[in-house]
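Below is one structure; the comments refer to it alone.
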Amino acid sequence: MRLHKSLMISALATAGVLGLVGCTDSGAPTDDSAAPTQEAVEFEAGTTMARLNEAGAVTIGTKFDQPLFGQVDANGEPQGFDVEIAKIIASELGIPESGITWTETVSANREPFIQSGEVDFVVATYTINDKRKEVISFAGPYYNAGQDILVLAGNPEGIEGPEDLAGKPVCTVAGSTSEANIAEYTDQITSLAGYADCLPLVSSGQVVALTTDNVILAGLADGSGGEFEVIGNPFTEEPYGIGLALDDTDFRMFINDVLEEAFEDGRWEAAWEKTAGTVLPLPEPPTIDRY
């Protein structure tokens, strides 16, 4: 696989979770057969699907520093649930893994990368919301997360929810929905490029907490060797979707069809179990929003 780096990669430990229940044993396949390439597919001329299929190549934006969902391994290859979902979509386009170029997308550049055509689509813990729908389109959701709070182990500040952060310094990532959400509770916000960049600030006491989606915090907490914990009290709903060009309805409906098929035939479950499911329980597949 070809790999394109647009930013420095934050050093993170392997994914996991503090204080959360392990995954259920569903018997779903967990090997690399979850996304076999479809070799004989045809698409209507002029569609994005036809263009990508003919090229035999696709450029996909994902996170490089998100344990469980999108994180580069020791060989510089992205791993995680988002990555596996992206592979399923590519496979249905008739594109093998060797035809995927991975581009790092952070919260602040996802819409610009889609609008400029730098990526063909984005799978990157990307919350669907109406403001973003003004400039891009979304397929999905393929997973429902919720914003939570990470603190020092033992929770010395006694933080139980976002209301307890009033007037206190917190850290999150610039351009994320988490940044907008937490602004309703405190104006002392440090916004950085990556969530892992916030951990030293929590460790040193410069901020009392890091806040973002619970599944992201879960991996960061587990990789800390017990230094941090997650409150475990989500206060928002964060439906993760696949970002693509505005008004590309055919491509959006195609991806929605692929996701629904993957929900039903076990590929979505297999993708979960081999990544986030190594430490988190198996969720129910969400309902696709065919707006």
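The values are calculated or read from the model by the stated rules, or taken from the named source; none is laboratory data. Predicted model, so just to flag it, every value in this text is computed and none were measured. Here the Cβ positions follow ideal geometry from the backbone for every residue, glycine too, while neighbour counts run over all protein chains shown.
Quick notes
- Matching option when the condition is more than 22 Å from residue 224 (Cα to Cα), not aromatic (Phe, Trp, Tyr) and not assigned by TED's automatic domain parsing to the domain that holds residue 69, among 177, 103: 177
- Residues in the stretch 185-213 that are small (Gly, Ala, Ser) and either in the same structural domain as residue 62 (by TED's automatic domain parsing) or in contact with a Cys (Cβ under 9 Å, 6 or more places away or on another chain) (or both) were compared, and the one that is surrounded by the fewest Cβ atoms within 10 Å (Cβ to Cβ) is 191.
- Only one entry in 229, 179, 237, 134 is over 30 Å from residue 267 (Cα atoms) and exposed (fewer than 15 other Cβ atoms within 10 Å of the Cβ), namely 134.
- Qualifying helices (runs of 4 or more DSSP H) (wholly inside the stretch 180-291; at least 1 residues being among the polar types (S, T, N, Q) and farther than 24 Å from residue 153 by Cβ): 249-265
- Pairs linking a residue in the stretch 104-119 that is touching a residue at least 24 places away in the same chain (Cβ under 8 Å) to a residue that is in a helix (DSSP H, G or I), with Cβ atoms under 7 Å and 6 or more positions apart or on different chains, are 105/113; 111/132; 119/113.
- Pair list, Cβ < 7 Å and 6+ apart or interchain, from the stretch 53-64 residues that are among the polar types (S, T, N, Q) to residues that are in a strand (DSSP E or B) and crowded, with 17+ Cβ neighbours inside 10 Å: 59/103; 62/70; 62/78; 62/102
- Boolean, residue 287 is of a type in the set (Val, Ile, Thr) and modelled with pLDDT of 95 or more: yes
- Qualifying residue in the stretch 98-120 (condition: under 22 Å from residue 52 (Cα atoms) and among the basic types (Lys, Arg)): yes
- One residue stands out among those in the stretch 155-179 that are assigned to a loop (DSSP other than H, G, I, E, B) and free of Cβ contacts under 8 Å to residues at least 60 places away in the same chain: the one that is farthest from residue 232 (Cα to Cα), which is 167.
- Filter pass, residue 216 being under 22 Å from residue 108 (Cα atoms), buried (at least 22 other Cβ atoms within 10 Å of the Cβ), in the same structural domain as residue 180 (by TED's automatic domain parsing) and not aromatic (Phe, Trp, Tyr): yes
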